[in-house]
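Single-structure report; data block below.
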Amino acid sequence: MTPRPFLKFVGGKGRLLGELFAHLPATFGDYHEPFAGGSALFFGLVREGAMGGLHHRSAYLSDINAELIDTYDAIQTDVGAVIAALREHVYDRDHYYAVRAQEPLALTLTERAARTIYLNRCCF
């Protein structure tokens, strides 16, 4: 499986990966991403094998957006449950606004992750 960003963010780095790779050091230790967002650079490094499969070093992704971090935690913990929860959502304007109106903290971690991904990918 080839990991790719599953969220889109304004200012995302996906289209700049070639340029970013050109400015990276040949080797580095642990990876720190203080403004994770969609984590395009992180996923790009994993795809390119630059992270050594992540088993030789640690990666630290962080962000001030708690819902985003919850989404990464849910996917790391049980991606199958997040995918199953996403299947409950439909591309429909009324459904979108109903989901957007939900109180995130009233949902389970899996439901919050699915909500975040759905709202991010399905904007009206």
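The values are calculated or read from the model by the stated rules, or taken from the named source; none is laboratory data. As the structure is a prediction and not an experimental result, all values here were calculated from the model. Backbone-built Cβ (ideal geometry, glycine too); neighbour counts: all protein chains shown. Heavy atoms of the whole protein, side chains included, go into the accessibility calculation; ligands, DNA and RNA do not. Shrake-Rupley method; radii C 1.70, N 1.55, O 1.52, S 1.80 Å.
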Notebook entry, point to check: For residues in the stretch 1-27 being under 29 Å from residue 82 (Cα atoms), assigned to a loop (DSSP other than H, G, I, E, B) and without any contact (Cβ under 8 Å) to a residue 12 or more places away in the chain, which is least open to solvent (accessible area, probe 1.4 Å)?
Noted result: 10
Checklist line | Which listed residue is of a type in the set (A, V, I, L, M, F, W, C), free of Cβ contacts under 8 Å to residues at least 60 places away in the same chain, farther than 25 Å from residue 2 by Cβ and open to solvent by less than 30 Å² (accessible area, probe 1.4 Å), from 82, 99 | finding: 99
Margin query: Here is a list: 16, 68. Which entry is farther than 19 Å from residue 120 by Cα and among the hydrophobic types (A, V, I, L, M, F, W, C)?
Written below: 16
Next item on the list: Could you tell me whether residue 91 is closer than 28 Å to residue 115 by Cβ and not in a loop (DSSP other than H, G, I, E, B)?
Entry: no
Margin query: Tell me whether the stretch 47-60 contains one or more residues that are at pLDDT 95 or above, open to solvent by 40 Å² or more (accessible area, probe 1.4 Å) and either outside any helix (DSSP H, G or I) or touching an Asp or Glu at 6+ places or on another chain (Cβ under 8 Å) (or both).
Written below: no
Item checked: Residue match in the stretch 85-107 (condition: aromatic (Phe, Trp, Tyr), under 25 Å from residue 123 (Cβ atoms) and in contact with an Asp or Glu (Cβ under 8 Å, 6 or more places away or on another chain)) -> no
Item checked: Candidate set: the stretch 28-43, residues that are assigned to a loop (DSSP other than H, G, I, E, B) and either on the phi > 0 side of the Ramachandran plot or surrounded by 12 or more Cβ atoms within 10 Å (Cβ to Cβ) (or both); chosen: the one modelled with the lowest pLDDT -> 28
